[in-house]
Amino acid sequence: PAVTSPCKILKCNSEFWAATSGSHHLGTEEAPEFCTALRAYAHCTRRTARTCRGDLAYHSAVHGIDDLMDQHNCSKDGPTSQPRLRTFPPGDSQERSDSPEICHYEKSFHKHSAAPNYTHCGLFGDPHLRTFTDTFQTCKVQGAWPLIDNNYLNVQVTNTPVLPGSAATATSKLTIIFKSFQECVDQKVYQAEMDELPAAFADGSKNGGDKHGANSLKITEKVSGQHIEIQAKYIGTTIVVRQVGRYLTFAVRMPEEVVNAVEDRDSQGLYLCLRGCPLNQQIDFQTVRSAQATEGRARRKGPSLPAPPEAFTYETATAKCREKLPVEDLYFQSCVFDLLTTGDVNFMLAAYYAFEDVKMLHSNKDKLHLYERTRDLAPGNTAPSGTPPALWVVLLCLSQCWLGLL
């Protein structure tokens, strides 16, 4: 079943946006109406607070309301009736194509310097993480985890078990918050879940709002319900989100200057795209073997746990992955790993599209393929440093064969 959240923050966001959009400049006569909308917004967030703990979009909205109330001298006490809905006037910011120079990263930030260095981060499959430093890891990271957290945007993913009781997880929810930036964009939230890949931000808009440089942030639907792309030109960033099968994949191209733009570098300890997964969240063979043994025993006791859609052997898994990934790099090895672990052929497509996104987003074409893990695990974890990827998969296969004899 698709993951559904009782947190109604997106409804609160949409109601506030619908009540206040359409005016480029807030006049004095509109201030009371705007404050009324803010109080209604705050009341809506309080109603859903209990079910929104840990939701990044919720906490962002709460802080945003406080900031807006201070900016417009709004009293927290007063009417909260929903104001009339406004319509967009002709020539609304959704249609404007002109943007100030500061809203184009390469023109403004690097006018008198060398071109910026771009980096890539991607998350796909069971899940597999490629960091901004080209480290490749396979992780558990069940639940909500910050993927990116800097001065310009936050990205949070939620990973859920592929099968009940399984150690294999995949991304079921994604939240992206673009922070308000000068005269370019208002704060915007994008949220996707399994079987729901919107082609718009949470407030229904497709660009950065009412500011003059709004079109420096745009969302484009490439394939309905399967593939969207977000261009944030004001920070030189491109984000690709896909739904493959039931789960989501994420890929980003971002300048190093933006990656490292943080107030407190020590606070980035769990920023996965930069730091990688914590050691205790990285998957090793012993963990996988133990989880598979548990699932096997549970299935022998009764039908309470569903079997994988298809059982793959090492030979059939490698043959299937070669159909889309002819080069036996870590994307190929990840494909084989996921087919053996989940039995779901959609994970083969996830690895394929993840590599397609790397080809589009990575600035160094010599580093598209990775052939060995670039970060060794702590002693006692998986295979020792330098273990070839082919042996990595063979070991997993042997573990499954051993389980089959139990």
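The values are calculated or read from the model by the stated rules, or taken from the named source; none is laboratory data. Remember, it's a predicted structure, so these values are computed and weren't measured experimentally. Cβ: placed from backbone, ideal geometry, glycine included. Neighbour counts: every protein chain shown. Only protein heavy atoms, including side chains, enter the accessible area calculation; ligands, DNA and RNA are left aside. Shrake-Rupley method; radii C 1.70, N 1.55, O 1.52, S 1.80 Å.
Odds and ends about this structure:
- The set of residues in the stretch 46-68 being more than 22 Å from TRP145 (Cα to Cα) and touching a residue at least 12 places away in the same chain (Cβ under 8 Å) consists of ARG47, ILE65, LEU68.
- Of the numbered criteria (1) surrounded by fewer than 18 Cβ atoms within 10 Å (Cβ to Cβ); (2) in a strand (DSSP E or B), the one ASN159 fails is (1).
- Selected residue [surrounded by 14 or more Cβ atoms within 10 Å (Cβ to Cβ) and either more than 30 Å from the chain's Cα centre (by Cα) or modelled with pLDDT under 80 (or both)] from CYS35, CYS12: CYS35
- Within the stretch 189-209, considering residues that are open to solvent by 40 Å² or more (accessible area, probe 1.4 Å) and charged (D, E, K, R), the one farthest from the chain's Cα centre (by Cα): LYS206
- Within the stretch 145-156, being polar (S, T, N, Q) and part of a loop (DSSP other than H, G, I, E, B) holds for ASN150, ASN151.
- Hits in the stretch 254-282 - residues which are modelled with pLDDT of 80 or more and hydrophobic (A, V, I, L, M, F, W, C): MET254, VAL258, VAL259, ALA261, VAL262, LEU272, CYS273, LEU274, CYS277, LEU279
Each row is one residue, and each column tells you yes or no for (1) of a type in the set (Phe, Trp, Tyr); (2) in a strand (DSSP E or B); (3) modelled with pLDDT of 95 or more.
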position	(1), (2), (3)
TYR190	yes, yes, yes
ALA199	no, no, no
GLY204	no, no, no
LYS218	no, yes, yes
VAL252	no, yes, yes
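- Filtered by the rule that a residue be charged (D, E, K, R) and open to solvent by less than 60 Å² (accessible area, probe 1.4 Å), the stretch 321-355 gives ASP329, ASP338, ASP344.
- Within the stretch 172-188, the residues that satisfy the criterion of being open to solvent by less than 10 Å² (accessible area, probe 1.4 Å) and part of a strand (DSSP E or B) are SER172, LEU174, THR175, ILE176, ILE177, PHE178, VAL185, LYS188.
- Qualifying position, being modelled with pLDDT under 80, on the phi > 0 side of the Ramachandran plot and open to solvent by 40 Å² or more (accessible area, probe 1.4 Å), among GLY54, GLY22: GLY54
- Matching residues, the stretch 339-389, being out of contact with any strand residue (DSSP E or B) (no Cβ under 8 Å at 6 or more places or on another chain), modelled with pLDDT of 50 or more and assigned to a loop (DSSP other than H, G, I, E, B): GLY343, ASP344, VAL345, ASN364, LEU368, HIS369, TYR371, GLU372
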